[in-house]
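The values are calculated or read from the model by the stated rules, or taken from the named source; none is laboratory data. Bear in mind that the values here come from a model prediction, so they are computed numbers and not experimental data. Cβ placement follows ideal geometry from the backbone for every residue including glycine, while neighbour counts extend to all protein chains displayed.
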Amino acid sequence: MSNPTAIRVLIVDDDPAVVETLSAVLRDSKQAYTVETASKGSDAIATLFWQRPDLVLLDIKLPDMSGIEVLKHIRKADPTIPVLMVSGNATETAFAEALKHGAFAYIPKPFNVLYIDHLVAVALETRRQNRRGPVRSST
């Protein structure tokens, strides 16, 4: 049974070892996460319609489309979802393009587990703060 208060994370990567590593990082975290996975961009886009994630970990290179294309679909569906781009061999151009299209950050492979855990927490806190809106002065 899933935890209804758990944060929903979508991991999109065609490498099962990467998916398992990222899932393990989230499982071992102090925060409760519900993890969904997709190995293709088209599956990730379909997931957006039946279960809106709170955060996406997205590989730049996928078998059926680029991670940048998936990122564009995510931005159209919900521009507030933080997307952390993952890649072992992305160029600076690909990284810059991901940021241009709204990626929150880039995580290089091989992973630093503490870095992933920290970035996920920062991305979710940033989203929470943005949803709250600007602080208003009482004066």
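Selection of the stretch 69-88 for residues being buried (at least 18 other Cβ atoms within 10 Å of the Cβ), at pLDDT 95 or above and more than 21 Å from Arg131 (Cβ to Cβ) yields Val70, Met85. I'd like to know if the stretch 48-60 contains one or more residues that are at pLDDT below 90 and not polar (S, T, N, Q). So far as the stretch 48-60 goes, yes, one or more of its residues are at pLDDT below 90 and not polar (S, T, N, Q). If you check Arg127 against the conditions, is it modelled with pLDDT of 90 or more and part of a helix (DSSP H, G or I)? Spelling it out, Arg127 is indeed modelled with pLDDT of 90 or more and part of a helix (DSSP H, G or I).
Specify which of the listed residues (Val56, Val35, Val70) is part of a strand (DSSP E or B), of a type in the set (Val, Ile, Thr) and touching a residue at least 40 places away in the same chain (Cβ under 8 Å).
Working: Val35 fails: touching a residue at least 40 places away in the same chain (Cβ under 8 Å); Val70 fails: part of a strand (DSSP E or B).
After ruling out the rest, the residue left standing is Val56.
Filter the stretch 104-128 down to residues that are in contact (Cβ under 8 Å) with a residue 40 or more places away in the chain and either among the aliphatic types (A, V, I, L, M) or closer than 22 Å to Thr5 by Cα (or both), then give me how many there are. Final tally of qualifying residues: 10.
Among the conditions (1) touching a helix residue (DSSP H, G or I) at 6+ places or on another chain (Cβ under 9 Å); (2) modelled with pLDDT under 95, Val12 misses just one, which is (2). Scanning the stretch 17-32 for residues that are in a helix (DSSP H, G or I) and without any contact (Cβ under 8 Å) to a residue 12 or more places away in the chain, we see that the one that is farthest from Glu69 (Cα to Cα) is Arg27. Would it be correct to say that Asp28 is closer than 27 Å to Gln129 by Cα and loosely packed, with under 13 Cβ neighbours inside 10 Å? The answer is yes for Asp28.
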